[in-house]
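Engineer: Following this message is one structure expressed as structure tokens.
The values are calculated or read from the model by the stated rules, or taken from the named source; none is laboratory data. Keep in mind the model is a prediction, meaning the values are calculated, not measured. Cβ sites come from the backbone with ideal geometry, for glycine too, and all protein chains shown count toward neighbours.
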Amino acid sequence: MLKHNFDGIDRYLTTMKQYWHYNAFILHDYPSFSDNRELINFLHGIDDTKLMSYQQNPTLLYPLLKQFIPDLLNVNDVLFDIKYDQLSSHTEIPFWLKKGIKGRKWVQIDQFSHYIGESLPVLEWCAGKGHLGRLIHYKTKNQISAVEWNAELCNQGLALAEQQSILQPFFVANVLLGEGNQLLNKEQHVVALHACGDLHVHLINGVKKALTEKVTISPCCYHLTEHDNYQAVSSYALQQSQLLSSITLSKQDLKLAVVQQSTSGERQTQLNDQEVWWRLSFDCLQKALLKTEDYLTVPSFPKTLLSNNFRGFVEWVKAYKQLNIELPGDLSVYLDQGRERFNRLRRCELVSQFFRDPLELWLVYDRALSLQEVGYQVKISRFCDVKITPRNLLIQASR
Ligand SMILES: C[S@@+](CC[C@H](N)C(=O)[O-])C[C@H]1O[C@@H](n2cnc3c(N)ncnc32)[C@H](O)[C@@H]1O
């Protein structure tokens, strides 16, 4: 079943790649689907109010886009349909256990904990302060321990465990260096809530060697990896994926799987938009002043710069990158050019957003298949509502 589903999504992403596999950020025109003139004209005609409503509700846009892309599948197509089975428990949770855990995080932890049964000792991977482990212990009485590289978080977790009279050893270890592997063993349930990119891939490779009985992972941030291009986790994807044999997936491509506007507040969305607009405007400026066609990457920068003006931002990049350029008195022409590119980018994203869930699922199937290959029974589900976190996919594997 896993292979069958993976194959379906793999074929779909491959045949539709011109609609999502491009870096709109560096393009000055519409991407590789530009021979679809009717689609471009349609996207071009979308005003800002409609843009926002289509971003928030892609199903409104679907019938319109389908006229121009007949093979486009809706976001809720059966191929991507992974159910969220709302589980609930009757255990009353005392207030002190929730101490220091914010609303949505608490719901994530609570929902995740429903998937952990009694008996096996639980190791929490990349545990932060180990909130999930303590809740699991409260519900199941299982032994718990935690691995985390940030010593300060470990100390805070230990202090909370002591206050609550819970035995919860913390191991300070960098799992990317294999330092967590010695903690993995057979009779164990390892849990990882939102372990980013390579952090959960190291766990998968580790449990496969240790033959750990159960592992439950909610993966996230697939682009946070040491590799420039995507490395298949399963042998099946490596050997059978049409997608991987036809394109190289860069980190930028992998980001598509996790971009999500809907859970950011209005202020955060405004700031994100401003940042993208200014970055594109800066790109127009540097290309004009340095007389180049090459894109110049700008690293992440202090967000306080966004409350200043565009010139301040440009001065910061200029100093950071040690650019030898004389800024003109009026930068508005670049802001206008950047705005044009920004508007185009957001309209292209109206199309690529339809491929976000398929791409994330493809990545999750790859992980699930790699566990199945060594004898695990694997189930993929959603552990909480998408409004709580869009990263709600769950891999449950048991031997
Ligand atoms: C997204 S947070 C998730 C934390 C926790 N599981 C939760 O859901 O609240 C990722 C955690 O991984 C830890 N981490 C990052 N790199 C690590 C590494 N190389 N080794 C071990 N832990 C790491 C971070 O300090 C952070 O606590």
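Engineer: In the list Val386, Val351, which residue meets the criterion of being of a type in the set (A, V, I, L, M, F, W, C), within 20 Å of the chain's Cα centre (by Cα) and part of a helix (DSSP H, G or I)?
Structural biologist: On the way: Val386 fails: part of a helix (DSSP H, G or I).
From the options Val386, Val351, the qualifying one is Val351.
Engineer: For segment 175-220, how many residues meet the condition of being more than 16 Å from the ligand (Cβ to nearest atom) and not in a helix (DSSP H, G or I)?
Structural biologist: Step one: filter segment 175-220 for residues more than 16 Å from the ligand (Cβ to nearest atom), giving 185-188, 208-214.
Filter again for not in a helix (DSSP H, G or I), leaving 185-188, 211-214.
Final tally of qualifying residues: 8.
Engineer: A further question on this structure: Identify all residues within segment 227-256 that are over 23 Å from Val374 (Cβ atoms) and out of contact with any Phe, Trp or Tyr (no Cβ under 9 Å at 6 or more places or on another chain); write none if there are none.
Structural biologist: Asp228, Asn229, Gln242, Ser245, Ser246, Ile247
Engineer: Next question. Is segment 226-236 home to any residue that is assigned by TED's automatic domain parsing to the domain that holds Gln55 and over 21 Å from Phe342 (Cβ atoms)? Before the answer, list the steps.
Structural biologist: From segment 226-236, those assigned by TED's automatic domain parsing to the domain that holds Gln55 are none; that's our starting set.
No, because not a single residue in segment 226-236 is assigned by TED's automatic domain parsing to the domain that holds Gln55 and over 21 Å from Phe342 (Cβ atoms).
Engineer: Look at segment 237-250 and say how many of its residues are out of contact with any strand residue (DSSP E or B) (no Cβ under 8 Å at 6 or more places or on another chain) and outside any loop (DSSP other than H, G, I, E, B). Write out each step before concluding.
Structural biologist: Initially, segment 237-250 is screened for residues out of contact with any strand residue (DSSP E or B) (no Cβ under 8 Å at 6 or more places or on another chain), giving 237-247.
Going one step further and asking which of them are outside any loop (DSSP other than H, G, I, E, B), we end up with 237-240, 242-246.
Residues that pass the stated criteria total 9.
Engineer: Sort through His227, His223 and tell me the only one that's assigned to a loop (DSSP other than H, G, I, E, B), within 30 Å of Ser53 (Cβ to Cβ) and within 23 Å of the chain's Cα centre (by Cα). Before you say what the answer is, go through the steps one by one.
Structural biologist: Details: His227 fails: within 30 Å of Ser53 (Cβ to Cβ).
One residue alone meets the criteria, His223.
Engineer: Does segment 290-305 include one or more residues that are at pLDDT 95 or above, surrounded by 14 or more Cβ atoms within 10 Å (Cβ to Cβ), assigned to a helix (DSSP H, G or I) and not hydroxyl-bearing (Ser, Thr, Tyr)? Before you say what the answer is, go through the steps one by one.
Structural biologist: Residues of segment 290-305 at pLDDT 95 or above: none.
No, segment 290-305 has no match at all.
Engineer: Would you point out which residue out of Glu152, Glu124 is under 25 Å from Asp385 (Cβ atoms), within 16 Å of the ligand (Cβ to nearest atom) and not in a loop (DSSP other than H, G, I, E, B)?
Structural biologist: Details: Glu152 fails: under 25 Å from Asp385 (Cβ atoms).
The conditions single out Glu124.
Engineer: Condition (residue is part of a loop (DSSP other than H, G, I, E, B), more than 12 Å from the ligand (Cβ to nearest atom) and of a type in the set (Val, Ile, Thr)) applied to segment 130-147: is it met by at least one residue? Give the steps one after another, and end with the answer.
Structural biologist: We begin by selecting, within segment 130-147, every residue part of a loop (DSSP other than H, G, I, E, B); these are 130, 141-143.
Now restrict to residues that are more than 12 Å from the ligand (Cβ to nearest atom): 141-143.
If we keep only those that are of a type in the set (Val, Ile, Thr) too, we end up with none.
Within segment 130-147 (the criterion being part of a loop (DSSP other than H, G, I, E, B), more than 12 Å from the ligand (Cβ to nearest atom) and of a type in the set (Val, Ile, Thr)), the answer is no, since none of the residues qualifies.
Engineer: Considering each of Gly117, Gly100 in turn, give the residue that is of a type in the set (Gly, Ala, Ser) and away from the ligand (no atom under 13 Å from the Cβ).
Structural biologist: Values: Gly100 fails: away from the ligand (no atom under 13 Å from the Cβ).
That would be Gly117, the only listed residue that is of a type in the set (Gly, Ala, Ser) and away from the ligand (no atom under 13 Å from the Cβ).
Engineer: Does segment 349-381 hold any residues that are farther than 20 Å from Leu13 by Cβ and among the hydroxyl-bearing types (Ser, Thr, Tyr), and which are they?
Structural biologist: Within segment 349-381, the subset farther than 20 Å from Leu13 by Cβ is 371-379, 381.
Matches in segment 349-381: Tyr376, Ser381.
Engineer: Working only within segment 50-64, note down all residues that are in contact (Cβ under 8 Å) with a residue 24 or more places away in the chain and among the hydroxyl-bearing types (Ser, Thr, Tyr).
Structural biologist: Listed by number, the residues that qualify are Tyr54, Tyr62.
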